[in-house]
Amino acid sequence: MAIDPDTVWRGGAYRHPTPWATDYPPLSLPAMLEASAAKHKERALIDFLGRHYSYAETLDGARRVAAGLAALGYGRGDRIGLFLPNVPHYLAAYYGVLMLGATVVNFSPLYTATELEHQVEDSGTRALFTLSATALLPTALKVLEGSSLERLIVGSVAGALPAAKSLFYRLFRGSETAKRPDDPRIMAFSRLIANKGDFAAPTIDPAADIAVIQYTGGTTGTPKGAMLTHQNLSANARQVEGMDPDPGAEDRILGVLPLFHVFANTCVMNRTIVNGGTIVMLPRFDGGQVLAAIARTKATALPGVPTMYQALLDHPRLARTDLSSLKYCISGGAPLPAEVKARFEAVTGARVIEGYGLSESAGVVSCNPYAADGKLGSIGQPIPGTRVKLVDKEDSTRPPPDGEPGEIVAQGPQIMAGYWNRPDADAQVFVADTTGRWLRTGDVGEIDGDGFISVVDRLKDMIAVSGFKVFPSQIEAILYHHPAIKEALVIGVPDTYRGEQPRAYVTLRDGAVATPEELKAWLNPQLGHHERVDQVVVRLALPKTMVGKLSRKELVAEVQAEAAGA
């Protein structure tokens, strides 16, 4: 007979410190920041390479952003994009946009101009925050010219640094800075916030107002904007904060996961604001910089993806770095290899804890307990206030047969309102019963007698690369533009560093000539860095189903068999 997981989690088997059946009252994100700033006014919220920004300063910066945007005519319901790495500007822009009643649209700095243009148009983004960095500004300028985007607001990394480091940056790293064109559509961030922070703050309905549009491939691979309300995000921040077995203790979290990603948005930024902690912020992942930042600040937490922990283990400075301050390291985005977990825990003395979530769930659905015993290889128990169950893989309206895995579905205050302008996609991703709507995750799992969840398969073809979602269909669509290519399939292959790596398999048209190296050199520049393939394999034929459709499943089986034989 199948277990009732709700009964298990209500009982003594639930191992998170906050009770499973916890309610989270409606709370807007600006109100969440204001409450923490009132309580921890002079405490450092951000440590950016040694320069500290207090809660009061961050709140003031956000208010100035809101006032500056209001003066430009932006307001309630407008979509404002953030095309930013981890810099202090991100928090000021994020919360400033939300204070205005507008919606943040998160854009990855890894996007190409084409990808960014598509999502700007789809979301109706009117203005875009970015930096005067060569990796960002040229792309943003292309989007300004090639889309309906109205305005760029451009910040400077040097201006956010401590004085000595700012001078060094200007003198020696000028090659990383792009010149801001003289264009009335382009405004300096410093000019935007040159005000007193006065604006007419609207009333925000946490349950109804959309705070963030987070683009994701969902279950189909077609980019869609997950609409996350203020309550979705504030509830998830409180849910995650409530799993800490030692609330009120010193909290310095290493913020190197990109804040544009929902994992970091919740587990690094919003959760830390709820907790009154400090974000030790780094603009990008560099093993040496991460180790130095932990040693300098005595960081207590390090959320990351498995590839980060592997890179730190491989770094030559690891043995010389004091990491004893670390208590908890939360791993998500991809399965965590048992050997990586064991080695990292042995070296640091910290607990490495695996969790699980999606963009559609505002970040986190389940996690292993921080202090109590978890289960190796599982994604833990649902976080407080969250229900999880299994449904039949073929028919999501019924449970799976007894003893068989099923698709994981979730319900809770963090589950998105739906996809932006995509009711068709909503109909596919939600399933309803007498208790309300459940989010279909596309992942197949099992729930054991202690209420621990394990992912055993996935219904979707998504490839997990260093915590990022890569969708084969998008790479295949580009491959078909090459005149020599007849057929194309992209699959994920195991990679010890990234977890998985995209690899393309193609056949050529009759009479066409193209080498694998030529095809790879043509393809990769058109892709985001995390989407790039390690190989293009040219074959005489690709596997097909009985009706003649290319079979990704059979190709995966063939490649696995070849690897096993080798």
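Could you state how much accessible area W522 has, in square angstrom rounded to the nearest 10, with a 1.4 Å probe and all protein chains kept in place?
Roll a 1.4 Å probe over it and W522 shows about 80 Å².
Classify region 250-289 as rounded, prolate or oblate, taking a ≥ b ≥ c as the square roots of the eigenvalues of its Cα gyration tensor: rounded when a/c is under 1.5, otherwise prolate if a/b is larger than b/c and oblate if not.
It comes out oblate by the Cα gyration axes.
Could you let me know the centre-to-centre spacing of region 516-566 and region 63-88, using Cα atoms, in angstrom?
42 Å
Please tell me which of these pairs span more than 22 angstrom C-alpha to C-alpha: K393/K553; K41/K327; K389/K553; K393/K460?
Table pairs above 22 Å Cα-Cα are K41/K327; K389/K553.
Could you please state how large a percent of the accessible area of region 60-164 is carbon and sulfur, counting protein chains only and using a 1.4 Å probe?
Accessible surface attributable to carbon and sulfur in region 60-164 totals 51 percent.
Quickly estimate the mean residue ellipticity at 222 nm for the chain, helices only: each DSSP H run with n ≥ 4 gives -39500 (n - 2.57), and the total goes over all residues, rounded to 500.
Helix contribution divided over all residues of the chain: -8500 deg cm²/dmol.
Roughly how many Å² of R343 are accessible to a 1.4 Å probe, to the nearest 10?
Its heavy atoms expose roughly 110 Å² to the probe.
Skip the ligands, DNA and RNA, and give the accessible area per residue of the chain with a 1.4 Å probe, whole Å².
41 Å²
Once phi is turned into θ = phi - 60°, what whole-Hz ³J(HN,Hα) does the Karplus curve with 6.51, -1.76 and 1.60 give for every residue of region 458-469, x standing for Gly and Pro?
Working through the residues one at a time gives 8, 7, 8, 9, 3, 9, 9, 10, 6, x, 9, 8 Hz.
Would region 30-110 count as rounded, prolate or oblate if I go by the C-alpha gyration tensor, calling it rounded below 1.5 in a/c and otherwise prolate when a/b exceeds b/c, oblate otherwise?
Oblate, since a/c reaches 1.5 and b/c is not below a/b.
In terms of modelled amide H atoms, which long-range or inter-chain residues lie less than 5 Å from the amide H of T278?
HN-HN under 5 Å from T278: D251, R252, I253.
If you average the C-alpha positions of region 447-461 and of region 371-401 separately, how far apart do those two centres end up, in angstrom?
6 Å
Distance from a point 7 Å along Cα→Cβ of K486 to each backbone N in region 531-545: keep the residues under 18 Å and list them by number.
537-545
With a ≥ b ≥ c the root eigenvalues of the C-alpha gyration tensor of region 274-344, is it rounded (a/c under 1.5), prolate (a/b larger than b/c) or oblate?
oblate
The values are calculated or read from the model by the stated rules, or taken from the named source; none is laboratory data. Just so you know, these numbers come straight off a predicted model, no measurement behind them. All Cβ positions, glycine included, derive from the backbone under ideal geometry; neighbour counts span all protein chains shown. Side chains are part of the model used for accessible areas, which takes the heavy atoms of the whole protein and leaves out ligands, DNA and RNA. Shrake-Rupley method; radii C 1.70, N 1.55, O 1.52, S 1.80 Å.
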